[in-house]
1. Can you tell me which condition LEU195 does not meet? The list is (1) open to solvent by 50 Å² or more (accessible area, probe 1.4 Å); (2) touching a helix residue (DSSP H, G or I) at 6+ places or on another chain (Cβ under 7 Å); (3) at pLDDT below 85; (4) in a helix (DSSP H, G or I), and all the others hold.
2. Kindly evaluate ALA174 against the criterion of being in a helix (DSSP H, G or I), in contact with a Leu (Cβ under 7 Å, 6 or more places away or on another chain) and not aromatic (Phe, Trp, Tyr).
3. For the list (1) at pLDDT 90 or above; (2) closer than 24 Å to ARG426 by Cα, I need the number of the one condition that ILE354 fails.
4. Among the residues of region 99-109, is there at least one that is small (Gly, Ala, Ser), within 23 Å of ALA166 (Cβ to Cβ), within 43 Å of the chain's Cα centre (by Cα) and open to solvent by 20 Å² or more (accessible area, probe 1.4 Å)?
5. Of all residues in region 516-539 being open to solvent by 30 Å² or more (accessible area, probe 1.4 Å), hydrophobic (A, V, I, L, M, F, W, C) and farther than 15 Å from ARG598 by Cβ, which is farthest from the chain's Cα centre (by Cα)?
6. List the residue pairs whose Cβ atoms are under 9 Å apart, where the first residue sits in region 421-436 and is farther than 21 Å from VAL449 by Cβ, the second is open to solvent by 10 Å² or more (accessible area, probe 1.4 Å) and hydroxyl-bearing (Ser, Thr, Tyr), and the two are 6 or more positions apart or on different chains.
7. State whether one or more residues within region 338-353 are more than 22 Å from TRP269 (Cα to Cα), open to solvent by 50 Å² or more (accessible area, probe 1.4 Å) and part of a loop (DSSP other than H, G, I, E, B).
8. Give just the number: which of (1) under 53 Å from the mean Cα position of the chain (by Cα); (2) open to solvent by 20 Å² or more (accessible area, probe 1.4 Å) does ALA644 not satisfy?
Amino acid sequence: AYALYDLLAPGIAFALLGMVALATLAAALLHGPALAGLGMLGAYLTPLLVAGRAPDYWALYVYLAIVTAAAFALARLRLWRWLAVAALASSLLWTFPGLARAETTALVPHVFHVVAGFILAALLLVAGFLYGPPARRDRIDGLSSGALAGYLAGAALVAVASRHQAPALAAFAALTAASVAVAWRAHAATAAVPLAALLAALVILRWAVDLDLVHLVAPSGPVAGTVPEPARAEVGGHLALGIGFAALFGAAGFLAQGRFERPVPPVLWSGSAVLAPLAILVALYWLLAKLEPSLPFAATALALAALSALATEALGKRDPRPGLAASGALFACGSVAALALALAMALERGWLTIGLALMVPSIAWVERRRPWPVLRVLAAALAVVVLARIAWEPRIVGSDVGTRPVFNWLLYGYGVPAAALWLGGRLLRRRADDAAARMLDAGALLLAVLTVFMEIRHYINEGDIYRPSAGLTEVALQVCVGLAVTIGLERLRLRSNSFVHDAGALLIASLTLIAILLGLGIGANPMRTGEPVGGRFINLILLGYGLPAVLAAALALISRGVRPSWYSAVAATTSVALALGYLSLQVRTLFHGEVLTRGVTGDAEQYAYSAVWLAFAVALLGIGLRLRSQTVRLASAAVVILTALKVFLVDMHDLTGVYQGLSFIGLGVVLLGIGFLYQRLLFPRRADPSIGAAPV
């Protein structure tokens, strides 16, 4: 009649189709769920079948309210959850058409639609509330929570689409408070509370991002008015709304503790009490302070931290109840997060890094009094935040780090966090040596090592830690520090039995070995770079090769018997290689001065290399015999073989006269002496048992 023959006006056709759909829903009471599904489908598709030229949102949403009421009532009478879910989804989908016009003509009808749907859902779908289905105590029902959260999400969309006009904001605020009230009465809708807290924070955050910050500092005088300034009431209203939301969820979340026999509901309430105030505070801080330091916001965050701490203390004194410990831990987390926000809002750059680091031992101290596992996780997470902050700006304070050696922001920005993480790990280990305690120990070790390494780089490069190259002085100091730290960790791990100290020693030793091979051996080698090495004996050769050789030898000694044999062997071999490099470069320095790449190699210098190497081999053999170390003896043999190859391949060709003879004679004497020592000391001849026997 309407579509084919044009016998009915759109309004009449719309009304008749609606009546048919409602009658079908009513008939489903007698004829079962199939007819209910058909009636519901027809009811929600009717507005699409009959559409006028000018949309009438009031007629649409009044009709949808009637249809939704009928569908919800039928679902309630027959306890058909599928029908309630389908009607709920269909009703919410009808929120989107015309949403773009919510800022102008369609705002109030849209507000009516979500408010009416929320009221109907609360009356008919929420289990245990008014006319809703029966509910089991402390059981959270997905449909009950989802129905409230769905319409509340629709109200949030309308508020955002209307650019936070007063009717939309008022409706959203009213539905948020209603969600909390319904969930307080009906435990089945408890899951709607954290969703409501999240939506409230998102609405405030969206307003904070959308509002032009220039308006808040609009100029006065002759140029006033060139930038439209929003009404002060808008800013004040949103501030009041944010404070109201924070107070609502914070107070309700705390007061709800102890009312439940199961652990999940109180945790949801406490999570909402922690989430909403923090998120709203961040949104307002973003809007009004533009993420710059602000003492008023810092004071607000500090007050929030104090309130959360009081809530934590109050819950800790109560008798044990399901979920109470977890809720107390969440409030403790909220207190720590608010304190971190206060530091972030009041401090900047280096002070922020120090402030965040000092929170770690504070959390560990609280964990000693309130042994909640979440506090250990929180301490470890905060340590990761500190490390991430330092990684983001290794100079701590940017270009203001200056050129003053040692006593600069690198010392404070790395040293203080290292001490804080060490103390936090020590406090956590008193209860358990778990992953959290090890993370703090690892962070403390990393920052302690970085303190020394960064100070060296800062001093050598006159404050420019980003300089792409490194000279012999810097590499030598870094290698010495790496070996010294490894030795210290080797001694420390024997007393502490700490996995972190064990793994740290291995890691730093490996990195130091790489620095020796690539840095001292290739990159910063003065024979390749031509860098001046200084005086004849007190020079960079001693710092870069002699001192590391001694430290590597010490590492080999202290690791004997407490590390695998290969570890000590690598350390001893590295020491021998460094010592041989030191002796060779020192000989080069004596003949060529501070620049080793100048001049030619004469006979005396070539002979000096052979003589020094042989003397070094003999010294190694003596040390190996004294320590009964096969590794050192093998190193001595390797140096002898290297010297022999040099004598036969280089000295025979390059040396002339007396130097050539002395080279071969010296090699022969040393070989004879080594053979004598091996025969007399290592492999003595066994006595013949027949000699001296009594005659038979």
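The values are calculated or read from the model by the stated rules, or taken from the named source; none is laboratory data. For clarity, every value in this text was computed on a predicted model and none was experimentally measured. Glycine also receives a Cβ, built like all others from the backbone with ideal geometry; neighbour counts cover every protein chain displayed. The protein model used for the area step is the full one, side chains on, heavy atoms only, and it has no ligands, DNA or RNA in it. Shrake-Rupley method; radii C 1.70, N 1.55, O 1.52, S 1.80 Å.
1. (3) is the only condition that LEU195 fails.
2. In short, no.
3. Failing condition for ILE354: (1).
4. Checking region 99-109: at least one residue is small (Gly, Ala, Ser), within 23 Å of ALA166 (Cβ to Cβ), within 43 Å of the chain's Cα centre (by Cα) and open to solvent by 20 Å² or more (accessible area, probe 1.4 Å).
5. PHE537
6. ASP433/SER498
7. Scanning region 338-353 turns up at least one residue that is more than 22 Å from TRP269 (Cα to Cα), open to solvent by 50 Å² or more (accessible area, probe 1.4 Å) and part of a loop (DSSP other than H, G, I, E, B).
8. Result: ALA644 passes all but (1).
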